[in-house]
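Scroll down for the structure; my scribbles are underneath it.
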Amino acid sequence: MFDFKDKVVVVTGGAQGIGRCICEEFEKAGARVCIIDLQGNAYYKGDLSDKKTLELFAEKVIADYGRIDCLVNNAAPLFKGISECTYEDFCYALNVGVTAAFYLSKLFLPYFAQGASIINVSSSRDRMSQPQSESYTAAKGGIHALTHSLAVSLSGKVRVNSVSPGWIDTSYKVYEGPDAYQQPAGRVGNPLDIANMVLYLCSDKAGFITGENICIDGGMTRQMIYHDDYGWKLD
């Protein structure tokens, strides 16, 4: 469906979960994929919260390929709530979830090819919350806002969009019963639901889309819920 032959794609947090699926789909489409992740991988292992690590990683990508066509800021920030999250934890979450995305965009700015794209992976938590989710939610809200700011600043040079996954089961488990039918789409999502949109947004087919956020959550954030309505009950 997509042709990214010899395109250079950078994916943060690409060693597992949604990020790994994104990498696999780009590779199937012919791309040369550069991963940075705390987990072991074939390209670069490193901590995205560390400024020097980001600089060394960017230097390696440019030394290897000389340009970049797609930057996918996917790495997941720390998930802790206000009861347990320390100052240091919160700063770490923002460094991984927002600062790294900003700094890599800045480092790669002189090297983006014509028609390049940045995709930021946010979350449906950028607009809704559960208790004790402050570090993760703040980082996801930050990268959502960073998206439209970068889109304006990089106008005419790089298109910048974000996707906000809802419930995505990275093991591809098929759910039945309430877990499935509570979602208007009738199922829980899987990593391909996100990867397919990322590749689309990076493709020429999305050439008139920038500064946009697309929520991929099976319709959950559009569904109004009241106690004792359609079988919903607050215990």
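The values are calculated or read from the model by the stated rules, or taken from the named source; none is laboratory data. No experiment lies behind these values; they were computed from the predicted model shown. Neighbour counts run over all protein chains shown; Cβ positions are idealised from the backbone, glycine included.
Scanning segment 175-206 for residues that are small (Gly, Ala, Ser), in a loop (DSSP other than H, G, I, E, B) and either at negative phi or in contact with a Pro (Cβ under 9 Å, 6 or more places away or on another chain) (or both) returns ALA185, SER203.
Looking at segment 1-28, which of its residues are modelled with pLDDT of 95 or more, touching a Ser or Thr at 6+ places or on another chain (Cβ under 9 Å), over 20 Å from SER122 (Cα atoms) and buried (at least 17 other Cβ atoms within 10 Å of the Cβ)?
Passing the criteria: only PHE4.
Of the residues making up segment 12-35, just one is of a type in the set (A, V, I, L, M), touching a Leu at 6+ places or on another chain (Cβ under 9 Å) and part of a helix (DSSP H, G or I), namely ILE22. Considering segment 105-130, and only residues there that are at pLDDT below 95 and not in a helix (DSSP H, G or I), the residue that is farthest from the chain's Cα centre (by Cα) turns out to be GLN130.
Residue check: PHE102 meets all listed conditions (1) within 12 Å of the chain's Cα centre (by Cα); (2) assigned to a helix (DSSP H, G or I) but one, namely (1). Scanning segment 62-77 for residues that are assigned to a loop (DSSP other than H, G, I, E, B) and free of Cβ contacts under 8 Å to residues at least 60 places away in the same chain yields GLY66, ARG67.
When only residues in segment 61-99 that are β-branched (Val, Ile, Thr) and within 21 Å of the chain's Cα centre (by Cα) count, which is surrounded by the fewest Cβ atoms within 10 Å (Cβ to Cβ)?
So in segment 61-99, the residues β-branched (Val, Ile, Thr) come out as 61-62, 68, 72, 82, 86, 96, 98-99.
So of that shortlist, the ones also within 21 Å of the chain's Cα centre (by Cα) come out as 61, 68, 72, 96, 98-99.
Details: VAL61: 23, ILE68: 26, VAL72: 30, VAL96: 24, VAL98: 22, THR99: 20.
If we take residues in segment 61-99 being β-branched (Val, Ile, Thr) and within 21 Å of the chain's Cα centre (by Cα), then THR99 is surrounded by the fewest Cβ atoms within 10 Å (Cβ to Cβ).
When the residues of segment 193-230 are filtered to those that are of a type in the set (Gly, Ala, Ser) and farther than 22 Å from SER129 by Cα, which remaining residue is surrounded by the most Cβ atoms within 10 Å (Cβ to Cβ)? By that ranking, first place goes to ALA195.
Output the residues belonging to segment 149-167 that are assigned to a helix (DSSP H, G or I) and either within 30 Å of GLN182 (Cα to Cα) or out of contact with any strand residue (DSSP E or B) (no Cβ under 8 Å at 6 or more places or on another chain) (or both).
Selection gives SER149, VAL152, SER153.
In the set LYS45, LYS7, only one residue is in contact (Cβ under 8 Å) with a residue 12 or more places away in the chain and farther than 15 Å from ALA101 by Cα; that residue is LYS7.
The listed residues are SER164, SER135, and the only one of them that is buried (at least 16 other Cβ atoms within 10 Å of the Cβ), among the hydroxyl-bearing types (Ser, Thr, Tyr) and either within 25 Å of ASN196 (Cβ to Cβ) or modelled with pLDDT under 95 (or both) turns out to be SER164. Scanning segment 131-168 for residues that are more than 15 Å from the chain's Cα centre (by Cα) and either within 14 Å of ASP217 (Cβ to Cβ) or among the small types (Gly, Ala, Ser) (or both) gives SER133, SER135, SER149, ALA151, SER153, SER155, GLY156. For segment 36-56, the criterion of being polar (S, T, N, Q) and either at pLDDT below 95 or assigned to a helix (DSSP H, G or I) (or both) is satisfied by at least one residue. Selection of segment 120-132 for residues being surrounded by fewer than 24 Cβ atoms within 10 Å (Cβ to Cβ), out of contact with any His (no Cβ under 6 Å at 6 or more places or on another chain) and in contact (Cβ under 8 Å) with a residue 12 or more places away in the chain yields SER124, ARG125, ARG127, MET128, PRO131, GLN132. When segment 85-107 is filtered for residues that are touching a helix residue (DSSP H, G or I) at 6+ places or on another chain (Cβ under 6 Å) and more than 17 Å from GLY142 (Cβ to Cβ), only LEU107 remains.
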